[in-house]
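**Q** Structure provided below as structure tokens; questions to follow.
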Amino acid sequence: MKDTLVIVHELYPELLDKLKQTFDVVHFVRLGSDEDRAAFKEAMTRAVAFIGSNVAFDKALLEQSPNLKVIASVSVGVDNYDVAAIHDRGIVLTNTPDVLTEATADTGFLLLMMTARRASEMNRMVLDGRWNVSPGRDQFGVDLKGKTLGIVGMGRIGQAVASRGHFGFGMKVIYQNRSAKPEADKTLGARQVDLETLFTEADFICVTVPLSPETEGLIGRDLLSLTKPKAIFVNIARGKVVREQELIECLRDGTLYYAGLDVFEKEPLPKDSPLMTMDNVVCLPHIGSATHETRGAMCDLAAENTLNVLDGKAPVTPV
Ligand code: NAP
């Protein structure tokens with residue numbers, strides 16, 4: 001009899017077929033209905049392995065998963081997992097760092113450029129049939145070239161965003177991070193500062209710090225009110241790093257000029273969110289790593305981690 005593998009993620013067909021040769025696979029693209037969630041819980045009572053994302057692994061779910069040996073997250077962020085409880089039970093947790101760094105940094109830069117040039121507003125103007133005259137000063141954007149880019153969380157993705165800014169656009173880079181990053185200081189001419197200095201000096205701010213008890217609600221009105229008149233704020237990390245209601249109020253009352261957001265406190269973004277109707281916001285549906293190549297590589301890595309653990313070998317990327 002084959003071992004049960006539960007997958008909650010879209011996998012490309014060849015990989016799914018390959019896993020089905022080894023495992024009794026219970027596959028959900030997402031847990032979108034009560035029926036899915038009930039079937040998922042039932043399957044987890046048998047599962048030796050889980051591959052997926054967007055499933056909160058708390059103590060209750062772990063209790064209901066007595067045979068589980070490996071949780072292979074298809075993400076780098078592990079804020080959905082009770083890491084201590086997972087390790088206490090001797091379950092191996094793995095993630096997918098590195099393979100998603102460039103695609104996610106691209107999304108950061110996409111938002112930096114869309115916000116700088118007010119691309120959503122301009123796109124809406126054209127599609128609504130309001131492009132009657134050439135856009136004037138009221139619709140102009142701002143340059144990136146020569147400006148200061150502030151990175152909150154100078155890890156793999158933060159440095160990849162900074163590198164695009166520095167080498168591609170001649171931007172000065174400042175960053176806040178809990179440890180020093182001497183290699184970034186050297187290669188990018190970057191300077192480590194505290195959060196207050198970063199929010200005061202940066203023209204563009206990009207958040208790439210993981211969500212953790214230390215970073216939850218890290219950014220709110222106190223920091224946003226330090227920003228320059230045309231400062232742009234981008235979050236590609238996790239919504240809960242920002243106090244969203246305060247961000248909305250700052251965008252509304254002009255404390256903050258513009259924001260680009262790939263992540264939100266609640267996802268999908270609720271239909272009644274004020275962010276839906278604000279001109280000075282660009283919203284994306286959490287697509288940081290969502291390219292064919294990158295998602296494929298993430299799924300391959302998660303599968304490799306799973307097979308390694310079940311074969312008694314070390315996973316490639318343990319948490
Ligand atoms: P990483 O390489 O681990 O970088 C995280 C950086 O944040 C590290 O430099 C770390 O400092 C720093 N840091 C952690 N806690 C901190 C704190 N309390 N204060 C200050 N700095 C702190 O991770 P990554 O691969 O760049 O990924 C970063 C995050 O991006 C993920 O956790 C995930 O939430 C998010 N992400 C989002 C998407 C998306 O679709 N939008 C896609 C991928 C990732 P140390 O070096 O000192 O540890």
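**Q** Is the shape of the stretch 1-65 best called rounded, prolate or oblate, per the rule: a/c under 1.5 gives rounded, else a/b larger than b/c gives prolate, else oblate, with a ≥ b ≥ c the square roots of the Cα gyration tensor eigenvalues?
**A** oblate
**Q** Once you wrap a convex hull around the alpha carbon atoms of the chain, what is its projected area averaged over all directions, in nm²?
**A** Averaged projected area of the chain's Cα convex hull equals 18.3 nm².
**Q** Mind sorting Thr148, Thr107, Thr208, Thr22 by how few other Cβ atoms lie within 10 Å of their own Cβ, fewest first?
**A** Details: Thr148 18, Thr107 24, Thr208 29, Thr22 14.
Ranked by crowding around the Cβ, least crowded first: Thr22, Thr148, Thr107, Thr208.
**Q** Excluding Thr317 itself, what net charge comes from residues whose Cβ is under 10 Å from its Cβ, given Lys and Arg +1 and Asp and Glu -1?
**A** Neighbour charge sum, excluding Thr317 itself: -2.
**Q** Given C-alpha coordinates of the stretch 72-157, what is the ratio Rg to Rh with the Kirkwood estimate of Rh?
**A** Numbers: Rg = 20.4 Å, Rh = 16.9 Å.
Using Cα coordinates only, the ratio equals 1.21.
**Q** Between Arg46 and Ser134, what is 0.36 nm times their sequence separation minus the Cα-Cα distance? Round to one decimal in nm.
**A** Length gained between Arg46 and Ser134: 25.4 nm.
**Q** Then there is this: Let me check I've understood the local charge: for Glu196, count other residues with C-beta under 15 angstrom from its C-beta, Lys and Arg +1, Asp and Glu -1. What total comes out?
**A** Charge balance near Glu196 sits at 0.
**Q** Once the other residues with Cβ under 11 Å from the Cβ of Arg252 are scored (Lys, Arg +1; Asp, Glu -1), what is the net sum?
**A** After counting each charged neighbour, the total is -4.
**Q** With a ≥ b ≥ c the root eigenvalues of the C-alpha gyration tensor of the stretch 228-306, is it rounded (a/c under 1.5), prolate (a/b larger than b/c) or oblate?
**A** Verdict is prolate for the stretch 228-306.
**Q** Can you tell me, using C-alpha contacts under 8 Å and at least 6 residues apart, the relative contact order of the stretch 19-156 as a whole percent?
**A** It rounds to 15 percent for the stretch 19-156.
**Q** Please rank Val48, Val126, Val207, fewest neighbouring Cβ atoms within 10 Å first, as an exposure proxy.
**A** Neighbour counts put them in this order, fewest first: Val126, Val48, Val207.
**Q** Then there's this: Quick one: Debye curve from the alpha-carbon atoms of the stretch 174-319 only, equal weights, vacuum; give me log10 I(q)/I(0) at q = 0.13 Å⁻¹ to two decimals.
**A** -0.71
**Q** Within the stretch 125-215, report the trypsin sites (Lys or Arg not before Pro) that DSSP leaves as loop and that have at most 15 other Cβ atoms within 10 Å.
**A** In loop regions of the stretch 125-215 (DSSP not H, G, I, E or B), the sparsely surrounded trypsin sites (Lys or Arg not before Pro) are Arg130, Lys145, Arg178.
**Q** Can you put Glu267, Glu246 in order of Cβ neighbours within 10 angstrom, beginning with the fewest?
**A** Glu267, Glu246
**Q** Please give the length that would be gained between Glu216 and Asp98 if that part of the chain were fully extended, namely 0.36 nm times their separation in residues minus their C-alpha to C-alpha distance (nm, one decimal). Intermediate values should be presented prior to the final figure.
**A** Values: separation 118, 0.36 × 118 = 42.48 nm, distance 2.33 nm.
The Glu216-Asp98 span can extend by a further 40.2 nm.
**Q** Let's test the formula: R0 of 30 Å, r as the Cβ-Cβ distance of Ala39 and Asp279. What FRET efficiency results, to the nearest 0.05?
**A** The value I calculate is 0.10.
**Q** Length gain on complete extension for the stretch Leu195 to Lys266, per 0.36 nm per residue less the alpha carbon to alpha carbon distance?
**A** Extending this stretch completely gives an extra 23.1 nm.
**Q** A further question on this structure: Please work out the C-alpha center-to-center distance from the stretch 189-215 to the stretch 260-286 and express it in whole Å.
**A** Using only Cα atoms to place each centre, the spacing works out to 21 Å.
**Q** Helix by helix through the chain, keep the DSSP H runs that span 24 Å or more along the axis on Cα and average at least -1.0 on Kyte-Doolittle, and give those back in order.
**A** Correct list, ordered by number: 292-310.
Just so you know, all these numbers are worked out from the coordinates, no wet-lab data involved. None of the values given here were measured: they were computed from a predicted structure. Cβ sites come from the backbone with ideal geometry, for glycine too, and all protein chains shown count toward neighbours.
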